[in-house]
1. Which whole-Hz ³J(HN,Hα) couplings does region 118-127 yield from phi under the Karplus relation 6.51 cos²θ - 1.76 cosθ + 1.60, θ = phi - 60°, glycine and proline marked x?
2. What number comes out for the charge environment of Ala178, summing +1 per Lys or Arg and -1 per Asp or Glu over other residues with Cβ under 15 Å away?
3. What is the set of long-range amide H partners of Val28 at a cut-off below 5 Å, with H atoms built 1.01 Å from backbone N?
4. Output ³J(HN,Hα) for region 237-243: one whole-Hz value per residue in order, computed from phi by the Karplus curve 6.51 cos²θ - 1.76 cosθ + 1.60 with θ = phi - 60°, and x for Gly and Pro.
5. Compute the FRET efficiency between Asn224 and Glu63 as 1/(1 + (r/R0)^6), taking r as their Cβ-Cβ distance and R0 = 35 Å, and round to the nearest 0.05.
6. Grab the eigenvalues of the alpha-carbon gyration tensor for region 161-256, scale each by 5, take roots, and send me the semi-axes largest first in whole angstrom.
7. Using amide H atoms built in the peptide plane, which far-off residues or other-chain residues are under 5 Å from Ala111 H to H?
8. Once amide H atoms are placed 1.01 Å from N in the peptide plane, what residues at a sequence separation of 5 or more from Phe168, or on another chain, have their amide H within under 5 Å of its amide H?
Amino acid sequence: MAAIRRDFLPGDLELELDACGVDATIAVQADQSEAETEFLLELAEGNRRISGVVGWVDLQSAEVERRLEHFSRYKKLRGVRHVAQAEADDRFLVRPEFVRGVGKLKGFGLAYDILIYPRQLPAAIELVGKLPEQKFVVDHLAKPEIQARKLEPWAAQIREIAANPNVFCKLSGMVTEADWKSWKAADFEPYLDVVFDAFGGQRLMFGSDWPVCLVAGSYGQVKNIVESYVDHRANSAKSAIFGDNVKRFYQIQSLR
């Protein structure tokens, strides 16, 4: 993990965006703290290329509405995420107090990013079924076991969660689930085939997972994996996957 054991700030990001032809981006939380949410939002307020922030609030708190009201003054807050993949309880997402908290997001126009491992997909399926009006996006394809070349039961469960029209999926985080040193683009094709078939081009969006991706590949390499696949398989959806779906999902008027 040495490659990411340092600070990464907007100046570092802009170099990557310029090199890869990316106009703007969404900053997504990593730390489970309101302090980081405030920090990301403050960075976004002063930077046109950060078009939105997915932050963290304690969705299990009895004070969740008050905290969401507090953050509603930031127009660039577009979603909330909890690092559910780190929870020992595989059914964390359907704890009553957590479901209640997620259910409050719609009233503030906020999406929810689902960050999980495949073993937590059954709970994610149950969560989205309980809240059919809430917008969800599955981060990193739910982290399939790419290095082990394992497709099932992940593939069947991805198709099940995709049957809910309120759920999108981010094409991101793949290189870190592969062999960090010797992955090749072909390793990801079976997994991309599944999500393209399940979600279609109108509910998929590119995500860099930068700077975490740097343990296994550069921003440019990650973008090229998805871009090359789209160019060969779904070129008509390219503008949607690399921008339009992001703006529509996170309700962003402009990427600049």
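1. Calculated HN-Hα couplings, in order: x, 5, 9, 4, x, 5, 5, 4, 5, 4 Hz.
2. The answer is -1.
3. Val54
4. Couplings: 9, 4, 5, 5, 5, 9, x Hz.
5. Values: r = 44 Å, r/R0 = 1.26.
Efficiency, from the Cβ-Cβ distance: 0.20.
6. Values: eigenvalues 96, 50, 31 Å².
Largest first, region 161-256 gives 22, 16, 12 Å.
7. The list, which skips near neighbours in sequence, is Gly79, Val80.
8. Amide H neighbours of Phe168, under 5 Å, 5+ apart: Phe136, Val137, Val138.
The numbers here are math on the coordinates, done by the rules we state, and not lab data. Source: prediction; values computed, not measured. Every residue, glycine among them, receives a Cβ derived from its backbone with ideal geometry; neighbour counts consider all protein chains shown.
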